[in-house]
Amino acid sequence: MTAAELVTLTVVRWFHLLGAAVLIGIMVYHALILGFRVNKVSGPVSPLLKKMSRYFGPVYWASVVLLVTTGGFTIVDRLTSLEGRAVPFENMYEFFWGVKIVLVVIIIANSLYMTGQLKKIGIWNRAQTAAEGGEPPVGNVFRMRATVASLRVVNLALGVLVLMMAALLQNTFTLIVLRMEHF
């Protein structure tokens, strides 16, 4: 491995760690602070909570894009760096790798669903502000908020599980490569 390849791989891994830290931090904030606060509100949400939510949305999705991009780069690098020494891995590596990818897809799907629910809640909030006392036009808003809060907690739990699996995969990969170099 050349120095340029090593620097590139190191930078990609640092960005991957940065994206994971930001994403898990936002998940903790949404699940444990914002979610429970908003879940208790029956009417329109306070302007401060709206601003906080609007700020973290783009940061959340930017970190997801960063993680998917750097994760894809790392996967390609790991598959090509073994140079045919171990294809496929003859252990549980692929299983945990596949489970990790499935969990990431579930987190992204939950996030997309929550975004849709939050847009519906925003529509109701605007309608409620325009005509006080009207019936919500998009369904039971309190139930939608409770669903979003629950999915935020689920995403947080899945995110922590993905982090634990990433650590397991990193250690497993390192052990496989080290064992191969001794043969």
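The values are calculated or read from the model by the stated rules, or taken from the named source; none is laboratory data. The shown structure was predicted, so the numbers you read here are calculated from the model rather than taken from an experiment. Ideal geometry is used to build each Cβ from the backbone, glycine not excepted, and the neighbour counts take in all protein chains shown.
Pairs only if they're at least six apart or on different chains, beta carbon under 9 angstrom, first in the stretch 1-13 and touching a residue at least 12 places away in the same chain (Cβ under 8 Å), second among the aromatic types (Phe, Trp, Tyr); list them, first residue then second.
Leu9/Phe73; Val12/Phe73
Look at the stretch 1-28 and say how many of its residues are touching a Phe, Trp or Tyr at 6+ places or on another chain (Cβ under 7 Å) and among the aromatic types (Phe, Trp, Tyr).
0
With loosely packed, with under 13 Cβ neighbours inside 10 Å, at pLDDT 85 or above, aliphatic (A, V, I, L, M) and part of a helix (DSSP H, G or I) as the only criterion, which of Val22, Val68, Val64, Val11 stands out?
Answer to the check: Val11.
Which number in (1) modelled with pLDDT under 90; (2) of a type in the set (Gly, Ala, Ser); (3) under 20 Å from the mean Cα position of the chain (by Cα) marks the one condition that Gly84 misses?
Of (1) modelled with pLDDT under 90; (2) of a type in the set (Gly, Ala, Ser); (3) under 20 Å from the mean Cα position of the chain (by Cα), only one is false for Gly84: (3).
For the stretch 93-122, give me each residue that is over 20 Å from Met27 (Cβ atoms) and loosely packed, with under 14 Cβ neighbours inside 10 Å.
Glu94, Phe95, Gly98, listed by residue number.
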